[in-house]
Amino acid sequence: MSAVSVEEHAAAIEALLAALATRTAQRIPLTDALGRVSYEDVRSPVDLPLFRNSQMDGYAVDARSVATTPVTLPVSTVIAAGPTGSAPLAPGSAAKIMTGAPIPDGADAIVPVEDTTATTAGSVTIEKSRAAGEFVREQGSDVRTGTVLVEAGRVLEPRHISVLAAVGLGEVDVRSRPRVAVVTTGAELADAGTTLTPGQIYDSNGITLAAHLRASGAEVVAVARSSDDPARFREILDAATESAELIITSGGVSMGDFEVVKDVLGPLGGNFGSVRMQPGGPQGTTVFDGIPVLSFPGNPVSTVVSYIMFARNIVRRAAGLPPVLSSTAALYEPIVSPPGRRQLLRGRLRDDGRVELVAGPGSHLVAALAWADVLIDIDSETTELAAGSHVEVWPL
């Protein structure tokens, strides 16, 4: 791959990953469904309410028997919420009833307890008339059997989980997640939390890429690290192909003597070269054992920028999530940009809506990435922008 534009490389990756968008249904427990995407319309298997029940604690009556108040009626029974059976209401009587309890046949209204006075002789005085239907929850008044509760493609939130549980669904069909493996490379890398020896650095790219992928709706099936030994890298790739639909590597794609990714994948048909962007210029694409491989440069900021510009929205689309879109903002300060490369600078949106630079373009400035909330996108032809100029920004 000779030097190409960001748009050209993005189009090549779109074509390479086209099959990733084809998803199947996965049936999972409702308790695990938060944040997943419904595969198809979910319809209610039952009516809600399931049966005619009381909206209030009070007395179930025939409205005609309380048309004139006050009136004292005998209390024929007490009906609690829960599994119960009750005889039809005797004419001219009342049934003491709790909220949610089934209303007996013969009753068509509920008199709230605060509108009554209980007597000591097993009767109740109704102080206020109630019309037929008052405080009665009719079967199916909320949802009818067959009603679409959640549309296909909906990201399931707690409110959706609530209604699916209410109609008794213990499982739901969701869109399968794209399965992605992450492989970082470099003899200098060590696990966070370990003691470094001279020349070592902590491996942040594996954890970082996994976090970005999960935020994009992917299932991260492996996070592995390879040395610069080609045999070891090939072994890790072989293992990743057993479960992954996409492999993302970081490092090993530049012009050094120990570029294990390019050395192994290049002879297998890998396409490696430079994209006219900064950071993130060195890039590669390969199909390894039928699995597409995206190879990003190893500098931490370059890795993140590469994911955002080339993979984030493809993975999100495969997961059923909406794309992350750019917007525009006015520059808080002037910018000078070198010609020939599209610059993706770390920026922060201010309270006044303008965007300010957080740091310079260096691909090693990891802290600045944490302090930024957008990438400021400067095209390759622009060399100077005055304060107040409008620029494209990409959310981080």
- prompt: Which of the strands (runs of 3 or more DSSP E) contained wholly in region 47-142 include at least 1 residues that are modelled with pLDDT under 95 and within 30 Å of Gly168 (Cα to Cα)?
  reply: 71-79
query: Only one of these conditions is not met by Arg130: (1) touching a helix residue (DSSP H, G or I) at 6+ places or on another chain (Cβ under 8 Å); (2) surrounded by fewer than 16 Cβ atoms within 10 Å (Cβ to Cβ). Which number is it?
result: (2)
- request: State whether the residues of region 229-236 include one that is touching a residue at least 12 places away in the same chain (Cβ under 8 Å), under 15 Å from Thr184 (Cα atoms), in contact with a strand residue (DSSP E or B) (Cβ under 6 Å, 6 or more places away or on another chain) and part of a loop (DSSP other than H, G, I, E, B).
  value: no
- request: Would you point out which residue out of Ala121, Ala131 is among the aliphatic types (A, V, I, L, M) and in contact (Cβ under 8 Å) with a residue 24 or more places away in the chain?
  value: Ala131
field: In region 115-141, the residues that are closer than 18 Å to Pro49 by Cα and touching a Pro at 6+ places or on another chain (Cβ under 6 Å)
entry: Arg137, Gln139
task: Using the structure shown, decide if Val180 is closer than 20 Å to Met309 by Cβ, modelled with pLDDT of 90 or more and among the β-branched types (Val, Ile, Thr).
output: yes
task: Being open to solvent by 40 Å² or more (accessible area, probe 1.4 Å), of a type in the set (Asp, Glu) and within 25 Å of Ala318 (Cα to Cα) narrows it down to one of Asp238, Asp191, so name that one.
output: Asp238
message: Can you say whether Arg159 is open to solvent by 10 Å² or more (accessible area, probe 1.4 Å), of a type outside the set (Gly, Ala, Ser) and assigned to a loop (DSSP other than H, G, I, E, B), as far as the supplied structure shows?
response: no
task: Considering only region 31-46, state which residues are outside any loop (DSSP other than H, G, I, E, B) and either surrounded by 15 or more Cβ atoms within 10 Å (Cβ to Cβ) or of a type in the set (D, E, K, R) (or both).
output: Asp32, Val37, Ser38, Val42, Arg43
query: If you go through region 202-220 one residue at a time, do you hit one that is under 21 Å from Lys262 (Cβ atoms) and in a strand (DSSP E or B)?
result: no
message: Cβ contacts < 7 Å: first residue among the charged types (D, E, K, R), restricted to region 19-32; second residue open to solvent by 50 Å² or more (accessible area, probe 1.4 Å) and outside any loop (DSSP other than H, G, I, E, B), any location; separation 6+ or different chain. Result?
response: Arg23/Arg175; Arg27/Glu171
message: Just the residues that are surrounded by fewer than 14 Cβ atoms within 10 Å (Cβ to Cβ) and either in contact with a His (Cβ under 6 Å, 6 or more places away or on another chain) or acidic (Asp, Glu) (or both), please, taken from region 134-156.
response: Glu138, Glu151
- prompt: Among the residues of region 336-356 satisfying the criterion of being in contact with a Gly (Cβ under 8 Å, 6 or more places away or on another chain) and open to solvent by less than 10 Å² (accessible area, probe 1.4 Å), which is nearest to His9 (Cα to Cα)?
  reply: Leu344
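Considering only region 245-266, how many residues are over 19 Å from Ser227 (Cβ atoms) and open to solvent by 20 Å² or more (accessible area, probe 1.4 Å)?
Residues meeting the conditions: 2.
The values are calculated or read from the model by the stated rules, or taken from the named source; none is laboratory data. Since we're looking at a predicted model, the values are computed, not measured. So basically every Cβ, Gly included, is an ideal-geometry build from the backbone, and we count neighbours across all protein chains shown. Side chains included, ligands, DNA and RNA excluded: accessible areas come from the protein's heavy atoms. Shrake-Rupley method; radii C 1.70, N 1.55, O 1.52, S 1.80 Å.
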